[in-house]
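What follows is one structure encoded as structure tokens, with my remarks underneath.
Derivation of every value follows stated rules applied to the coordinates shown; laboratory data play no part. Everything numeric here is computed off the predicted structure, so don't read it as measured data. All Cβ positions, even for glycine, are placed from backbone atoms using ideal geometry, and neighbour counts span all protein chains on display.
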Amino acid sequence: MTSVSSPPRTIRIGSRKSQLALVQTYWVQAQLQKSFPDITFEVHTMSTQGDKILDVALAKIGDKGLFTKELEVGMLNQEIDFAVHSLKDLPTNLPVGLTLAAITERENPADALVLHVKHKGQQIDTLPAGVVIGTSSLRRLAQLRHHFPHFNFKDVRGNLITRMAKLDAGEYDALILAVAGLERLEMSDRIHQVIPKEISLHAVGQGALGIECRADDTELITLLKAIEHPETRDRCLAERSFLRILEGGCQVPIGVNTEIVENKLTLTGLVASVDGQKLVKDTITGAAKDAEAIGAELANILRQQGATEILEQIFTEVQRGS
């Protein structure tokens, strides 16, 4: 008796519609297609709340899932099978029924200084007093205010192309953007300086892609593990554990840096007030296999150093809309 094999599965990938999100999603699709040529991977796009609200500062919208929620609903409703996120946008506590199945190899996680042409040749510490710096990140804002209180800072929203157009039109003297996003959009020629970690620690998960799917889809989880990067996973799990214990969303001034050398993971973490006046920062090292425990330990160290009071003040200010 001849058995009839079931047809190959078609797997639906969810993505935001922005150019950067699609570049990232198509990269994941290509990697999976290369590894599993008999499976069809289809890209389905969705608009998230964060894509639609462009006239309000991110910190004032108050939703930790701004760029992920609609995609997560799509997975839970069986409309898509998995979603590709910029890992820095993915909350550390996921909805029941979903899991972070894989983390891809990280691009440079640092922040970049992008200048208007009139400041060509300058670096962040040589810009004149009073320049207008555009950023939508409280993390970048707090750290830069700490180091450069003589700059003016202005919120900037929109996708990366829109932000660059505003810069070139003269609305800003400079922008602070992620190196990884500029590189993925083949705009690395616009980077005037990769900002040193001594000035700006990067966001949790910055530069890495997080792939989220239904927790019970074991077949898919196994496939997705094929494109996971173990070192990036350990670094990002430490960072996400640090953020989770501090109960900070992506719009809180929390910065990190991680390195792994000979299976030893070093995590630096920072919590700052929005005005840059208060700042606590420390570093610990442990075995990379204990990544999440390292993140939790550092979070508790910073709490003892005053991080809790800083964060409570920020949450109060955000709730007041100040």
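What to note about this one:
- Estimated FRET transfer efficiency when R0 is 22 angstrom, pair K289-E105 (beta carbons, to 0.05): 0.70
- Over all pairs of different C-alpha atoms, the range 76-119 has a mean inverse distance whose reciprocal, the Kirkwood radius, equals 14.0 Å.
- Between H150 and A129, residue separation times 0.36 nm minus the direct Cα-Cα distance comes to 7.0 nm.
- Rounded to the nearest angstrom and listed largest first, the equivalent-ellipsoid semi-axes of the range 184-322 from its Cα gyration tensor are 27, 19, 18.
- The chain: angle of helix 291-304 to the longest principal axis, Cα-based, in degrees nearest 10: 30
- Relative to the current alpha-carbon distance between Q313 and K118, full extension at 0.36 nm per residue lengthens the span by 66.4 nm.
- Here's the picture: charge each Lys and Arg Cβ at +1 and each Asp and Glu Cβ at -1 in the range 172-292, and of I199, L209, T232 the one pushed furthest to the positive end of that dipole is I199.
- Taking 0.36 nm per residue of separation and subtracting the Cα-Cα distance, full extension of the segment from A169 to A215 would add 12.0 nm.
- Divided by 2.2 N^0.38 Å, where N counts the residues, the Cα radius of gyration of the chain comes to 1.02.
- Here the range 88-189 carries DSSP beta bridges of which approximately 50% are antiparallel, counting only pairs with both residues inside.
- For the range 142-209: rounded, prolate or oblate by the Cα gyration tensor [a/c cutoff 1.5]: oblate
- Among G134, V23, I245 - extreme Cα towards positive end, dipole of the chain, charges at beta-carbon: G134
- Sites V73 and V261 - FRET efficiency at Förster radius 51 Å, r taken between beta-carbons, to 0.05: 0.80
- When the Cα positions of G255, I314, L302 are compared along the charge dipole of the chain, I314 comes out farthest toward the positive end, with charges on each C-beta of Lys, Arg, Asp and Glu.
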